[in-house]
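Asks: Quick one: structure below, then a few questions.
The values are calculated or read from the model by the stated rules, or taken from the named source; none is laboratory data. Given the structure is predicted, the values throughout are model-derived calculations rather than measurements. Every residue, glycine among them, receives a Cβ derived from its backbone with ideal geometry; neighbour counts consider all protein chains shown. Ligands, DNA and RNA are excluded from the accessible area calculation, which covers all protein heavy atoms including side chains. Shrake-Rupley method; radii C 1.70, N 1.55, O 1.52, S 1.80 Å.
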Amino acid sequence: MLALAVLAAIAAVQAQGVASERKPNQPSFILVLVDDLDATMDSLGTAMPATNLLLRDRGVTFAHHLVTTPICCPSRVNLLRGQLAHNTNFTDVLGPHGGYAKFKALGLDRDWLPGWLQGAGYNTLYTGKFIVDYTIRNYSPPPAGWTAFDASVHPFTFEYYCPAFSLNGQPPRMYPAQYITDVLAAKAGAMLRSAAADPRGRPFFLQVAPAAPHHSMHYDYASNGSLISRHWYPPVPAARHWEELSGAALPRPPSFNEADLGGRPEWMRALARLSPANETFLEEVFRLRLRSLRAVDELVEGLVSLVDELGLANSTYIAFTSDNGYHEGVHRFGSGKTTPYEEDLRVPLLLAGPGLRPGSVVNTSTAHIDIAPTLLALAGAPLPPSLDGTPLPLAAVSDGSLPPAYTYGAPEAGPPRNQLGAEFWGVWDDESIHSHAPYRNMTWRAVRVLRSDGAGEGYKYIVHCSGEYELYDIVRDPYEMTNLLMLPTATSGASAALVGARAVRPVRLDEVLVPAAAAAGSVDSTLAAADAAAVPVPSSASASSFAATAGAGGAAVAVSTNGGGGGAGEAAATRLGCEGAGGGGAGCDAGRADRTAGAGGGAAAEGRRAGRGAGAGTGASGAGEVRAAGGSGGGFGAVVRAWARTAWGLAATARRAAAAGSADPAAAVTADPAAATATAAAVAAGMLAAPGGSAGEAEAVAASRRLASAAELDGPAAAAAAEADVAEAAMADAGVRQAAAAAAAADVHGAAAEAAAAAAAAEAAAYLEWLRRLRARLDGLLAVLAVCGGEACSRPFEVLHPEGGVHDLWAAMDERYDDLYGSIEPFAFGRCLPYQDTDNERSPFRGAVLPARRRLEAGGRLVAAAAGAGAAAAAGGAGGQAAERPPLPLLESEVEEWAVPLPKKYVLATEVYGDNVVLEAMWLA
C-alpha cells in the first residue's frame with residue numbers, strides 16, 4: 001500500500017508540470033559490481049548466460065580489463081575515486097591501513113564519483129556490499145554523496161541466507177532465511193523504479209554490489225554480545241541452484257599445481273604442491289562459485305528487463321564487472337587473490353548502452369580507475385585533475401551516435417594507453433588450502449604493457465619488496481611460467497637441490513643479469529637432457545676454429561670435458577680477454593665501466609652498463625671436445641626463439657639477412673647493434689665443466705676476476721663483473737649448445753655446424769642485450785607509475801619524455817634513448833612493509849607532473865587543468881554534490897516485509913571481524 005501511495009503522489013507531482021532538472025542527453029548508469037569474480041577461468045561464460053546475452057552480445061567486452069589493487073575494499077575505492085591506491089592511501093581491508101574508520105578519517109567520500117555526479121544533476125543510489133568493515137557498529141553516518149545508500153553490514157555481509165542492511169544510516173535490519181542475492185535484486189529493482197519515477201526527471205547512477213561469488217562467513221555471538229567464533233566456508237548457492245553445473249570442471253591450465261617454480265619468489269618456491277584431495281576440494285569450490293553466480297545472472301536479467309519495461313534502454317548504460325580477479329589451483333595456490341599474476345588482476349568488464357556497437361571488443365588495456373572518468377565524460381561533466389584513470393576508448397566501438405565530445409578512443413584523441421601499473425601491500429593468505437602458511441611480505445609493484453595494434457606483444461614486470469624480480473612475456477607465456485630474468489630449472493636431481501637450497505634473487509640486469517647460482521642450476525638442468533645428443537667437435541685446431549667462428553657472435557664457449565692442459569676455464573677466459581679471434585679482435589672485457597672494449601667491433605658503454613667485446617672468441621686448452629646441448633623443446637633456446645618472434649627480434653633478423661650477402665663474413669652478425677654487444681661467455685667454462693658443483697663455479701668466478709683485474713676493475717665492481725659474466729655466459733652458452741645439438745640431429749658437421757653455432761651465439765647475445773634494454777625501460781616506467789598522480793598515471797611516457805614523440809614502450813625502445821634509461825634510478829623498496837610508506841618506496845619521479853598542456857574536457861571545451869579542478873569544486877558540497885537537493889521518494893521492495901530488527905546480542909556486540917572499539921579508536925586517531 002505504501003508503494004502505491006508513493007507512486008500516486010509522484011504521478012500527481014509530475015502532472016503539475018514540475019520542470020525537469022535533466023540536462024539534454026544526459027544518460028543514466030547502472031553498475032553491477034560482484035565480489036571475487038575471475039576472468040581467466042571464464043566463470044562468467046559458464047554460469048551467467050543471460051548476462052552474456054544481454055550485456056556482452058548487445059554491448060562491448062573489454063578483453064584486457066584489470067584492477068590496479070587486487071583485493072576488494074581498496075579496489076572498490078579505486079573505482080569510485082578513479083585513483084590508484086597509492087594516492088588514496090587506503091590499502092587494506094581492515095584497519096589500520098583500511099577499514100571504514102580510516103575511510104571516513106581520510107575523507108575519501110568527500111571527493112568521489114557519486115558526489116561528482118550529484119553535482120552534475122544526478123540521483124545516486126547504492127545497494128549491496130560496500131566495504132567489509134562497514135558493520136553493525138559503524139553504519140552511521142553512511143558515506144557521503146549518495147541520494148540513497150542501502151548497504152549490507154558486517155558480520156552479515158557474507159551470510160548468504162541471513163543478510164542485514166542499513167538504509168541511509170538507520171539501524172540495520174536482517175532478513176532471516178532470505179537468500180542474499182534475491183534480497184539485493186528486490187532492493188535494486190525498487191531503487192531503479194524510484195529513480196525512474198523521480199518527479200524532477202533527474203538521471204541516475206545506481207550501483208548494485210552482490211557478495212557472490214565470495215566465500216561465506218558466519219559469526220557466533222553469545223547472548224551478551226561477545227564473539228565466540230568465526231567460520232569461513234565456500235560460497236552458498238540459492239537452494240534452486242544447488243544441483244546445477246555439477247559437471248563443470250575446474251580449469252587446469254599449464255600453470256595449475258605448477259611443478260617448476262624455479263623462477264618464482266622464494267616464498268612461492270617453498271609452497272607444497274597440491275594433493276589430489278586439495279584438487280578435489282578446489283573443484284567443488286569452483287562449482288559452488290558458479291552456482292552462486294546463477295542468482296546474480298538472474299539479478300542482471302531482471303535489471304535489464306526492468307530498464308526495458310521503464311522505457312530507459314535508449315538512455316541507460318549498464319556495466320558489469322568485479323572488484324578483483326581470483327585464482328584457483330595455479331602456481332600451487334589454493335584459492336584467493338592479492339598476487340600480481342593475471343588470474344588476480346584481470347576481471348570481466350561488459351558495457352551495454354546507447355551509441356555502442358553490439359558485440360564489439362576493446363583490446364586496449366583498461367582498468368577500474370577508468371570507470372569514474374568514463375561516466376563523468378558520458379554525463380558531460382568535467383574531469384577532476386585528481387583522476388589517475390582516463391575514459392574508456394568507447395569512440396573506437398561507437399555506432400556513430402556517441403556524443404561528439406566523447407572522443408576517447410578516436411584517432412584524433414591520440415594513441416591508446418598500452419601500460420598499466422598495479423600495486424599491493426600486505427599479506428597473502430590462502431582462502432581454501434589452509435595448510436599453506438600466510439606470507440606476510442606480500443608487498444609488490446608491477447607494470448603491465450600490451451600492444452593494442454594487433455602486433456601481439458606484451459610484458460609484465462614485477463618488483464617485490466623482498467628484492468626479487470619477475471618478467472613475463474604475457475603473449476607467448478600467458479600463464480606466466482617462464483620468468484625471463486631467470487632460466488627455467490628442473491625440479492629433480494642436483495639442479496633442483498642447487499636452486500632450492502640457494503635463495504638467490506635476480507637483481508638489476510646491469511649488475512648481475514641472472515644470479516650465478518641460479519644460472520648454474522638452470523644450465524645444468526638444460527644440458528642434462530641433451531648430453532645424449534652432445535655434438536663431438538674435433539679438438540685442437542678444429543676446436544679453435546669453432547671458437548673463432550663463434551667468436552664472431554661473441555657468445556660461444558668451448559668446454560673441455562677432461563680438463564687437460566691446465567684448466568679450460570682459465571685458458572678460455574684468458575683467450576677471451578686478451579686475444580683476437582678469427583681476425584675480429586677483442587679487448588680484455590674492459591668495456592664494463594665507461595669505455596669501448598677491444599678493437600675491431602667492440603661495443604661502447606650504454607647507460608650505466610658497458611657493452612661486451614664484439615669480436616671475442618673462445619678456445620679450449622687440452623685435448624677435449626666441445627659439447628653443445630639443448631634439445632629443441634624448451635629452456636633458454638625456447639626463450640630466445642620466442643624473443644626472435646618479437647618486433648625487435650624480427651628487426652634483428654632482417655638486419656642480419658640484409659647483411660648476409662656482404663663481403664665481410666662477419667657482417668651478418670655484427671650488422672645488428674644488439675648482437676654486436678657480445679657476451680663474455682668463456683668465463684663460465686669451468687662452471688659448465690663441473691655441473692652442479694662449486695669448484696667449477698669458483699674457477700669461473702676466479703677467471704672472471706682476473707679479467708676484471710686486467711680491465712682495471714677492483715673491489716665490489718670486480719665481484720659484480722665476475723657474477724655478471726658467469727650468469728650471462730651460462731645463458732648464452734645454453735643457446736649455443738642447443739644450436740649445436742640441433743645441428744647434430746640434422747647430421748651437420750664441419751663448417752655448417754660452426755655456422756650454426758655462430759648464428760646461435762649471435763642470437764643469444766642479441767637476446768641478452770634486448771632483455772637488458774627492455775628491463776631498463778620497464779624500470780623507468782615503473783618508477784613513474786609507482787608514484788604517479790593525475791594524468792601522469794595515464795601518460796607516464798610524457799613524464800619520461802617531456803619533449804614529446806614517445807607514447808609507449810615500443811617507441812621508447814629506440815636506441816637513441818639508451819642513455820636516458822640507463823641513467824634512471826629504478827623504483828625500489830627499502831624493506832618489506834604491509835602498508836604504504838613514501839620514505840620506504842623510492843622513486844626519482846615522486847611528485848612529477850606532465851608538461852604544461854591544455855586538455856579537452858568531456859563537455860567539448862578546452863580548459864586548463866586548473867579550470868577543470870575549479871569546475872569540479874563548483875559543483876559544491878561534500879564530494880561535489882549540490883548543497884541543497886530535494887529528496888528522492890523511495891519505493892519499498894516486496895522483500896521488506898521479511899525484515900526484522902537485529903537481535904539484542906548483535907546490538908551488544910563490541911567485536912566484528914576481530915576488531916574492537918579501543919583499537920578502532922586508536923586507528924582513527
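Asks: How large, in percent, is the carbon and sulfur part of the accessible surface of segment 34-76 at a probe radius of 1.4 Å?
Replies: Details: 540 of 990 Å².
Of all accessible area on segment 34-76, carbon and sulfur atoms account for 54 percent.
Asks: Another question about this same structure. Within the set of other residues whose C-beta is less than 11 Å from the C-beta of residue 254, count the net charge using Lys and Arg as +1 and Asp and Glu as -1.
Replies: Taking every other residue near residue 254 into account, the sum is -3.
Asks: Considering only protein heavy atoms, what per residue accessible area in square angstrom results for segment 763-807 with a 1.4 angstrom probe?
Replies: 18 Å²
Asks: Can you pull the percent of segment 188-307's accessible area that's carbon plus sulfur, 1.4 Å probe, other chains left in place? Don't jump to the answer; show the numbers that get you there.
Replies: On the way: 2260 of 4200 Å².
Of all accessible area on segment 188-307, carbon and sulfur atoms account for 54 percent.
Asks: Measure up 102/460; 104/337; 337/904; 104/460; 337/905 against 28 Å on the Cα-Cα distance and list the ones that go over.
Replies: From 102/460; 104/337; 337/904; 104/460; 337/905, over 28 Å: 102/460; 337/904; 104/460; 337/905.
Asks: I would also like to ask the following. For segment 353-499, what is the accessible area per residue in Å² when the probe is 1.4 Å?
Replies: 31 Å²
Asks: How many Å² of accessible area per residue for segment 102-197, probe 1.4 Å? Intermediate values should be presented prior to the final figure.
Replies: On the way: 2160 Å² over 96 residues.
Per residue, segment 102-197 has an accessible area of 22 Å².
Asks: Kirkwood Rh, segment 140-194, all Cα pairs: how many Å?
Replies: After inverting the mean inverse Cα-Cα distance, the result is 11.5 Å.
Asks: A further question on this structure: What order do you get for 298-310, 835-847, 331-343 when each peptide is scored by the mean count of other beta carbon atoms within 10 Å, highest first?
Replies: 331-343, 298-310, 835-847
Asks: Whose amide H sits under 5 Å from the amide H of residue 349, counting only residues 5 or more places off or on another chain, with H placed in the peptide plane?
Replies: Amide H to amide H, under 5 Å and 5 or more residues apart or across chains, residue 349 pairs with 62.
Asks: Let me ask another. When every alpha-carbon pair in segment 775-818 is counted, what percent end up more than 12 Å apart? Write down the numbers at each step before the final one.
Replies: Details: 536 of 946 pairs.
Tail of the P(r) past 12 Å holds 57 percent of the pairs.
Asks: In whole percent, how big is the carbon plus sulfur part of the accessible area of segment 359-429, probe 1.4 Å, protein atoms only?
Replies: Of the solvent-accessible surface of segment 359-429, carbon and sulfur hold 58 percent.
Asks: Give the long-range amide H neighbours of residue 330: residues separated by 5 or more places, or on another chain, with amide H under 5 Å away, using H modelled in the peptide plane at 1.01 Å from N.
Replies: Under 5 Å from the amide H of residue 330 lie the amide H atoms of 257, each far enough along the sequence or on another chain.
Asks: I would also like to ask the following. Under the definition of Cα pairs under 8 Å and six or more residues apart, what whole-number percent is the relative contact order of segment 160-266?
Replies: It comes to 17 percent, rounded to a whole number.
Asks: Would you compute the Debye intensity of segment 146-255 from its alpha-carbon atoms alone, equal scatterers and no solvent, and pass along log10 I(q)/I(0) at q = 0.14 Å⁻¹ to two decimals?
Replies: Summing over Cα pairs of segment 146-255 leads to -0.73.
Asks: Here is a follow-up. Determine the sum of side-chain charges near residue 399: Lys and Arg each +1, Asp and Glu each -1, restricted to other residues whose C-beta is under 12 angstrom from that of residue 399.
Replies: +2
Asks: Could you please tell me the mean projected area of the C-alpha convex hull for segment 364-455, averaged over all directions and given in square nanometres to one decimal?
Replies: Hull-based average projected area comes out at 9.1 nm².
Asks: Continuing with this model, one more query. Quick one: net charge around residue 240, please, counting Lys, Arg +1 and Asp, Glu -1 for every other residue with C-beta under 12 Å from its C-beta.
Replies: So the surrounding residues net to -2.
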